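So the structure is just underneath, and the comments pick up after that.
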Amino acid sequence: MTRDTSICVIDYVAKRIGENLELLEEIASNPDNIDYGEMIDVVTGPDQAIIAFTSRGIENLQEFIADVRTWQGGMHQFLIEQDCDPARVERIVANEPR
């Protein structure tokens, strides 16, 4: 039996696409950033869940990141506008490609 649909948890996605996990968490914190149905919560226990992405969700995430990096102020400005914790902004931006 071949499975046509798979999902990948967020920490694996970060490693797979070479992005900062905290960045992906910030993007995922606003479901409007990813197409509906392409990002899901996998429930792991009472009041516990892990964010996961479909294959298209991973592509959408990469497209979103590439687009944000072209904006005036780039990722730094995006994170500020998302009300990201300043210490987290600095950690994420420190790992941004130059």
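What follows is calculated from the coordinates using simple rules that are stated; it is not laboratory data. These numbers were taken from a predicted model, which means no experiment stands behind them. Note that each Cβ is placed from the backbone with ideal geometry, even for glycine, and that neighbours are counted across all protein chains shown.
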Given (1) in contact with a helix residue (DSSP H, G or I) (Cβ under 9 Å, 6 or more places away or on another chain); (2) in a helix (DSSP H, G or I), GLU59 misses just (1)
Got a number for residues in region 32-44 being outside any strand (DSSP E or B) and either under 10 Å from the mean Cα position of the chain (by Cα) or exposed (fewer than 13 other Cβ atoms within 10 Å of the Cβ) (or both)? 5
Could you please find all residues in region 55-80 being farther than 16 Å from ILE10 by Cα and either among the polar types (S, T, N, Q) or touching a Lys or Arg at 6+ places or on another chain (Cβ under 8 Å) (or both)? THR70, GLN72, MET75, GLN77, LEU79
